[in-house]
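What follows is a single structure, written as structure tokens, with notes after it.
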Amino acid sequence: QLQIFEITYNNFMGSVPTNLGNLLDLVRLSLGGNHLGRDLNFLTSLRNCSKLEELVLGGNQFEGVLPNSIGNLSTQLNSLYVEGNQISGTIPETLENLMNLIVLYMDMNLFTGVIPSYIGKFPMLQIFSLSGNNFSGQIPNNLGNLTQLIQLYLSQNNLEGSIPSSLGNCQNLQSLDVSQNYLSGVIPWQVFDLYSLSLLLNLAHNLFSGKLPVQVG
């Protein structure tokens with residue numbers, strides 16, 4: 001039985017077949033970088049792929065909402081890429097079922113609503129990107145529970161409120177980008193105190209105030 005199906009970066013177009021769920025031993029499905037489009041209803045058929053670990057749908061023309069059936073994907077799934085599409089609506093609550101996610105890319109879409117607080121329950125999450133959407137509300141305080149987090153990208157949204165000081169618990173965080181939002185208040189010293197923050201700290205184009213804490217040095 002087929003385990004890896006990869007057709008990334010071609011010129012495929014049209015809808016994705018709804019019988020991919022027949023590939024019961026599928027471990028990796030990579031459809032990224034094509035012109036595939038219309039809805040994401042084919043995800044429903046993938047519930048039968050109980051060994052699926054990686055799903056790559058980025059850089060296509062998928063539109064509409066992310067269906068609730070996303071939560072029926074394999075609990076073995078560790079990497080989900082849906083970036084660079086025209087997916088709209090809110091992130092479904094059923095995504096919470098995918099507790100073993102390590103990589104979650106949802107950037108450059110049309111998502112709205114708030115960042116679900118259940119994201120803070122993903123114990124293995126290392127890369128989380130929501131940049132370039134229309135998310136509003138505040139950054140969930142419990143993102144500080146993501147102690148394995150290495151990269152956090154929340155730029156180019158409509159987020160407001162302050163940066164939660166709990167991010168200081170993310171002792172493996174190397175890159176943090178919250179630029180181009182409506183965040184305000186004082187930047188918590190706990191963020192500047194992250195010695196792991198070695199690659200990127202982008203706070204530009206917000207409404208921050210106050211003094212820079214001495215920990216910035």
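List of remarks:
- Of all residues in segment 93-108, those being on the phi < 0 side of the Ramachandran plot and open to solvent by 10 Å² or more (accessible area, probe 1.4 Å) number 10.
- In a residue-by-residue description of segment 89-104, the property of being in contact with an Asp or Glu (Cβ under 8 Å, 6 or more places away or on another chain) and not acidic (D, E) applies to no position.
- G168 surrounded by 15 or more Cβ atoms within 10 Å (Cβ to Cβ), more than 21 Å from L66 (Cβ to Cβ), free of Cβ contacts under 8 Å to residues at least 40 places away in the same chain and touching an Asp or Glu at 6+ places or on another chain (Cβ under 8 Å): yes
- Complete set of residues in segment 182-207 that are surrounded by fewer than 16 Cβ atoms within 10 Å (Cβ to Cβ) and of a type outside the set (A, V, I, L, M): Y182, S184, G185, W189, D193, Y195, S196, S198, N202, H205
- Close pairs from segment 90-102: first under 15 Å from L55 (Cα atoms) and in contact (Cβ under 8 Å) with a residue 12 or more places away in the chain, partner of a type in the set (S, T, Y) and in a helix (DSSP H, G or I), Cβ under 8 Å, at least 6 apart: L95/Y118
- Among the residues listed as I70, I87, the single one being in contact (Cβ under 8 Å) with a residue 40 or more places away in the chain, hydrophobic (A, V, I, L, M, F, W, C) and open to solvent by less than 50 Å² (accessible area, probe 1.4 Å): I87
The values are calculated or read from the model by the stated rules, or taken from the named source; none is laboratory data. Given the structure is predicted, the values throughout are model-derived calculations rather than measurements. Reconstructed Cβ throughout: ideal geometry from the backbone, glycine too, with neighbour counts over all protein chains shown. Each accessible area value is taken on the protein alone, full model and side chains, heavy atoms only, with ligands, DNA and RNA left out. Shrake-Rupley method; radii C 1.70, N 1.55, O 1.52, S 1.80 Å.
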